[in-house]
Amino acid sequence: MAIIEVDELRKRYGPSGPEAVSGVSFTVRRGEVFGLLGPNGAGKTTTIGALTTRVRPTSGRVAVDGIDVQRDPVAVKQRIAVVPQRPNLDRVLSALENLTFHAAYFGYSRGDRKRRALALLDEFGLAGREGDRVDNYSGGMAQRLMIARALMHRPHVLFLDEPTTGLDPQSRLFLWDQIERLRREGTTILLTTHDMAEADRLCDRIAIVDHGKRIALDTPAGLRDLLPGARGVELTVVHPSDPAPALAALGDVETSAQEAGRWHARLYGEVTPAQALAAVDRMGAEIVDLRRIEGTLEDVFVQLTGRDLR
Amino acid sequence: MSTASERAAATAGRGSPVAPEAPALSPRAATVRAFLALLERDAWVTFRRDLAAFLAQSLMQPLFFLFTFGRVLPEIGAAQGAYGKQLLPGILALTLVITALQNTSLPLVIEFSFTKEIEDRLLAPLPAALVGLEKIVFASLRATVAALLILPMAAVVLPGGVDLGSVSWLGFLALLVMGSLAGASLGMVLGTAVPPNRINVVFAVFLTPLIFTGATFYPWQALDGLRWFQVITLINPMTYVSEGMRSALTDGPTLATGWIALGIVAATVAFAALGLKGFLRRAVD
């Protein structure tokens with residue numbers, strides 16, 4: 001069942017401005033981690049803005065949990081949380097107070113606010129720093145605090161706008177674990193990212209948008225299939241002569257000689273590793289290395305959106 | 001709108017066992033709770049965090065106005081001894097309007113542009129316009145507190161002290177509420193209409209005339225001999241607050257009560273409408 005519905009969303013900033021979003025549609029299922037990918041200025045942030053009550057659509061309909069965002073923004077705000085790209089913490093408050101006042105806005109009682117805030121600070125590795133002013137927090141800590149704050153009121157849908165941009169590898173891995181945990185607990189997550197490895201690892205489905213339009217929507221594996229030419233097997237073998245003739249029956253082959261009688265071969269097409277190994281056996285060669293070639297999401301992304309700078 | 005049980009079912013089984021369930025509130029109830037919580041946050045920051053800054057920011061200017069014009073000038077013979085009696089209502093109005101104005105406009109500029117912290121409040125479960133209204137209400141509260149603190153200060157600074165014998169308390173109370181709301185509404189107009197990097201220029205250009213044409217340092221009636229200026233001062237909403245304070249605190253001649261009420265109410269309604277419109281333009285693209 002769809003928890004997010006975006007139907008023919010259009011947004012023009014100002015009467016004569018360019019259209020930031022020109023007719024985007026997609027739905028997100030309950031419990032799904034959904035990725036919104038696209039170059040800078042593609043319309044991702046505008047789309048998130050429309051879903052989170054911050055952007056008024058020029059036309060089209062957006063709904064969360066079956067509620068039209070335009071018609072009942074308060075009911076939508078009760079169900080969602082947003083972690084923005086740039087820090088927007090309340091700087092005169094301590095870390096703990098950032099969480100407790102956020103919960104107060106959502107109607108939590110005084111005791112519940114504090115209990116939940118301390119539990120989340122602990123979960124996000126901020127125990128012992130709850131009294132600090134958030135001005136003294138590092139970028140990674142501020143990011144973790146913003147996610148903890150977003151979770152304070154138990155949102156059904158969590159929006160993460162480029163959550164790992166600028167984070168160190170430790171913080172990024174930590175965040176990935178948290179996203180996977182939230183998914184297991186049933187929270188629906190919509191995230192935007194430029195990091196293809198991140199999208200590949202986390203997302204159940206991905207929509208790629210460019211120039212305000214949705215140009216692809218599939219699972220990560222489905223998207224990689226859009227580049228069939230980039231699939232196959234890569235081998236390193238020891239053999240007295242070029243192995244190309246013996247492998248040619250399996251698909252298109254490229255070979256190159258390496259030092260010490262080694263050959264490097266790339267076999268493109270629908271080749272399984274077992275077929276490749278059998279062929280190596282038959283020619284009496286010794287296998288040194290075997291790797292499956294898969295088009296990366298990044299290849300697909302560049303293929304779909306082009307190489308032009310934005 | 002889902003029912004409480006649907007909401008509870010949808011959120012069941014999440015998170016650590018100590019975590020309580022989200023309160024299942026109707027949008028209307030959630031709005032009331034959120035509005036009160038925003039006030040609570042601002043009160044906490046004002047009185048538990050920034051009390052000294054708040055007092056300094058609100059009281060330094062009136063203190064020096066009272067001291068210089070109410071005490072120094074009469075003592076060196078540049079003003080009459082009773083001038084302080086005319087000055088006090090003006091300083092009360094000035095503190096009320098300017099404190100409310102600054103406490104709305106400056107935080108708005110900072111929170112929309114630099115810290116972005118308003119975003120978290122705009123996502124709280126209440127209509128965006130009420131986030132703006134809360135700013136006006138709380139700035140008015142701060143201004144009222146500041147204005148009330150002027151009274152003991154004036155009792156010490158002014159040579160004649162403060163005579164509360166002929167005060168109309170009901171009128172004084174109404175002026176505290178309406179005068180601060182007028183100032184805060186004007187502050188919301190300035191804080192949302194101007195690009196953030198221009199706010200200091202706007203303050204310089206707006207505040208000085210506002211302070212000096214608002215019948216602050218002289219009763220409006222005394223301008224009879226300077227007719228053109230007397231007419232100009234009627235454009236300034238602070239004139240009505242000053243004259244109102246004069247009417248509530250002294251028995252000298254002032255603008256008629258009806259004009260005072262009309263001036264303040266009209267200014268408040270107009271600026272609040274304009275200011276909230278500006279706020280929504282900034283809050284929702």
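Looking at the stretch A:229-237, is at least one residue in a loop (DSSP other than H, G, I, E, B) and more than 13 Å from every other protein chain (Cβ to nearest Cβ)?
Taking every residue of the stretch A:229-237 in turn, at least one turns out to be in a loop (DSSP other than H, G, I, E, B) and more than 13 Å from every other protein chain (Cβ to nearest Cβ).
Within the bounds of the stretch B:170-179, is there any residue that is part of a helix (DSSP H, G or I), aliphatic (A, V, I, L, M) and more than 19 Å from B:G214 (Cα to Cα)?
Checked the stretch B:170-179: at least one residue is part of a helix (DSSP H, G or I), aliphatic (A, V, I, L, M) and more than 19 Å from B:G214 (Cα to Cα).
Taking A:L202 as the residue in question, decide whether it is crowded, with 16+ Cβ neighbours inside 10 Å and more than 20 Å from A:R292 (Cβ to Cβ).
Yes, satisfied.
State yes or no: is B:Q61 of a type outside the set (D, E, K, R), within 17 Å of the chain's Cα centre (by Cα), modelled with pLDDT under 90 and assigned to a helix (DSSP H, G or I)? Break it down stepwise before answering.
Working: of a type outside the set (D, E, K, R): yes; within 17 Å of the chain's Cα centre (by Cα): yes; modelled with pLDDT under 90: no; assigned to a helix (DSSP H, G or I): yes.
For B:Q61, the condition - of a type outside the set (D, E, K, R), within 17 Å of the chain's Cα centre (by Cα), modelled with pLDDT under 90 and assigned to a helix (DSSP H, G or I) - is not met.
Only one of these is in a loop (DSSP other than H, G, I, E, B) and touching a residue at least 12 places away in the same chain (Cβ under 8 Å): B:G90, B:G81, B:G77. Name it. Spell out how you get there, then give the answer.
Details: B:G90 fails: in a loop (DSSP other than H, G, I, E, B); B:G77 fails: touching a residue at least 12 places away in the same chain (Cβ under 8 Å).
Within the list B:G90, B:G81, B:G77, the selection yields B:G81.
Would you tally the residues in the stretch A:265-282 being surrounded by 13 or more Cβ atoms within 10 Å (Cβ to Cβ) and assigned to a loop (DSSP other than H, G, I, E, B)?
Residues flagged as surrounded by 13 or more Cβ atoms within 10 Å (Cβ to Cβ) and assigned to a loop (DSSP other than H, G, I, E, B) within the stretch A:265-282 amount to 2.
State whether one or more residues within the stretch A:53-73 are assigned to a strand (DSSP E or B) and charged (D, E, K, R).
Within the stretch A:53-73, one or more residues are assigned to a strand (DSSP E or B) and charged (D, E, K, R).
For the stretch B:20-37, give me the residue count where each residue is more than 7 Å from chain A (Cβ to nearest Cβ) and either among the small types (G, A, S) or crowded, with 18+ Cβ neighbours inside 10 Å (or both).
4
Rundown of residues vs (1) among the acidic types (D, E); (2) modelled with pLDDT of 85 or more; (3) not in a strand (DSSP E or B), yes/no style:
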| site | (1), (2), (3) |
| --- | --- |
| A:W263 | no, yes, no |
| A:G284 | no, yes, yes |
| A:I287 | no, yes, no |
| A:L290 | no, yes, no |
| A:G295 | no, no, yes |
| A:E298 | yes, no, yes |
| A:F301 | no, no, yes |
| A:L309 | no, no, yes |
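Is there a residue in the stretch A:120-141 that is assigned to a loop (DSSP other than H, G, I, E, B), modelled with pLDDT under 95 and facing chain B (nearest Cβ under 10 Å)?
Scanning the stretch A:120-141, I find no residue that is assigned to a loop (DSSP other than H, G, I, E, B), modelled with pLDDT under 95 and facing chain B (nearest Cβ under 10 Å), so the answer is no.
Check off (1) touching a helix residue (DSSP H, G or I) at 6+ places or on another chain (Cβ under 9 Å); (2) not in a loop (DSSP other than H, G, I, E, B) for A:P163 and give me the number that stays unchecked.
(2)
Filter the stretch B:45-57 down to residues that are surrounded by 16 or more Cβ atoms within 10 Å (Cβ to Cβ) and modelled with pLDDT of 90 or more and give me whichever is nearest to the other protein chains (Cβ to nearest Cβ). Before you say what the answer is, go through the steps one by one.
The initial filter retains those residues of the stretch B:45-57 that are surrounded by 16 or more Cβ atoms within 10 Å (Cβ to Cβ), namely B:45-46, B:54, B:57.
Narrowing the set further to residues that are modelled with pLDDT of 90 or more leaves B:45-46, B:54.
Numbers: B:V45: 5, B:T46: 10, B:F54: 12 Å.
Checking each candidate, the answer is B:V45.
The conditions are (1) more than 12 Å from chain B (Cβ to nearest Cβ); (2) at pLDDT below 95; (3) outside any loop (DSSP other than H, G, I, E, B), and A:P39 fails exactly one of them. Which is it?
(3)
So, B:D163, is that one within 14 Å of chain A (Cβ to nearest Cβ) and modelled with pLDDT under 95 or not?
Judged against the criteria, B:D163 is not a match.
Please specify each residue of the stretch A:13-34 satisfying the condition of being among the charged types (D, E, K, R), in contact with a Lys or Arg (Cβ under 7 Å, 6 or more places away or on another chain) and part of a strand (DSSP E or B).
Correct list: A:E19 only.
Against the condition in a helix (DSSP H, G or I) and among the aliphatic types (A, V, I, L, M), how does A:L217 come out, does it pass?
Values: in a helix (DSSP H, G or I): no; among the aliphatic types (A, V, I, L, M): yes.
Here the answer is no, as A:L217 does not meet what is asked.
Could you say which residue among B:D285, B:D251 is under 18 Å from B:F112 (Cα atoms), assigned to a loop (DSSP other than H, G, I, E, B) and at pLDDT below 90? Don't jump to the end; show me each part of the working.
Details: B:D251 fails: under 18 Å from B:F112 (Cα atoms).
Going through B:D285, B:D251 in turn, just one is under 18 Å from B:F112 (Cα atoms), assigned to a loop (DSSP other than H, G, I, E, B) and at pLDDT below 90: B:D285.
For residues that are over 24 Å from B:F112 (Cα atoms), more than 9 Å from chain B (Cβ to nearest Cβ) and within 28 Å of the chain's Cα centre (by Cα), tally how many sit in the stretch A:98-118.
The total comes to 1.
When the stretch A:68-97 is examined, which residues are found to be closer than 14 Å to A:D135 by Cβ and facing chain B (nearest Cβ under 8 Å)?
A:P87, A:N88, A:L89, A:D90, A:R91, A:V92, A:L93, A:E97
Quick check: is even one residue across the stretch A:57-67 farther than 15 Å from A:E5 by Cβ and in contact with a Ser or Thr (Cβ under 6 Å, 6 or more places away or on another chain)?
no
Among the residues of the stretch A:175-224, how many are in contact (Cβ under 8 Å) with a residue 12 or more places away in the chain and over 17 Å from A:V6 (Cβ atoms)?
Within the stretch A:175-224, residues that are in contact (Cβ under 8 Å) with a residue 12 or more places away in the chain and over 17 Å from A:V6 (Cβ atoms) number 23.
If B:D120 satisfies every condition in (1) within 14 Å of chain A (Cβ to nearest Cβ); (2) in a helix (DSSP H, G or I); (3) in contact (Cβ under 8 Å) with a residue 24 or more places away in the chain but one, which is the exception?
Of everything listed in (1) within 14 Å of chain A (Cβ to nearest Cβ); (2) in a helix (DSSP H, G or I); (3) in contact (Cβ under 8 Å) with a residue 24 or more places away in the chain, B:D120 misses just condition (3).
Condition check: touching a helix residue (DSSP H, G or I) at 6+ places or on another chain (Cβ under 6 Å), more than 25 Å from B:T144 (Cβ to Cβ) and crowded, with 17+ Cβ neighbours inside 10 Å. Does B:R282 satisfy that?
Spelling it out, B:R282 is indeed touching a helix residue (DSSP H, G or I) at 6+ places or on another chain (Cβ under 6 Å), more than 25 Å from B:T144 (Cβ to Cβ) and crowded, with 17+ Cβ neighbours inside 10 Å.
Looking only at the stretch A:109-133, which residues are in contact with a strand residue (DSSP E or B) (Cβ under 7 Å, 6 or more places away or on another chain) and touching a residue at least 40 places away in the same chain (Cβ under 8 Å)?
A:R133
Filter the stretch A:1-22 down to the residues that are closer than 23 Å to A:T219 by Cβ and of a type outside the set (V, I, T), then identify the one that is surrounded by the most Cβ atoms within 10 Å (Cβ to Cβ).
A:L9
The values are calculated or read from the model by the stated rules, or taken from the named source; none is laboratory data. Note that the coordinates shown come from a computational prediction; the quantities given were computed from them, not determined experimentally. Neighbour counts are summed over all protein chains in view; Cβ atoms, including those assigned to glycine, are modelled from backbone coordinates with ideal geometry.
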